[in-house]
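In what follows, a single structure is set out as structure tokens and then discussed.
Taken together, the values in this text are just the output of simple stated rules run on the coordinates, not laboratory data. This is a predicted model, so every value here is computed, not measured. No Cβ is skipped: glycine too gets one built from the backbone with ideal geometry, and neighbour counts run over all protein chains shown.
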Ligand SMILES: [Ca+2]
């Protein structure tokens, strides 16, 4: 091998070394990066009868991140069709931290979508406090029309007829309003379809 070849071989190795270093730096975590909060919401329907006068969306919320999550900033939306417009009521039957800390409201969807002309939004009062990293809470909810007329759950976007315990379920949306860093759910699940 001549001097010229040796020199170009050396240059090639140097460039390779620089390139490998640059790539590995790209993947390295910044030394002072802020911890990113994370929330995992799982769900199942407490009653899976296709036709029923009550909807039971039950949720399990887990803080999978490294910082506490303020529960009052968290919202979970369950999408369904009302099958006959009526006033509706919500009850939280049980929550790990106390049902008195849970809120619920109904919102009509304009225009109606396939599988949903309403969503139910679950939330928490400020007194609910914070969910610490690694901790979970469960929330058992019940929705019904004021006249106790039936819902057809089969045509509901968020209804899961199969699950018998908490499962990951991409047909609900989770919204975390204030803190940057958490994935912000899309305003409606249909945008991605
Ligand atoms: Ca329905």
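Here are the numbers for this structure:
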{"read-out": "Rg(Cα)/(2.2 N^0.38 Å) for segment 39-192, N = residue count", "value": "1.00"}
{"read-out": "Residue exposure sequence - 169, 91, 58 - by fewest surrounding Cβ within 10 Å", "value": "91, 169, 58"}
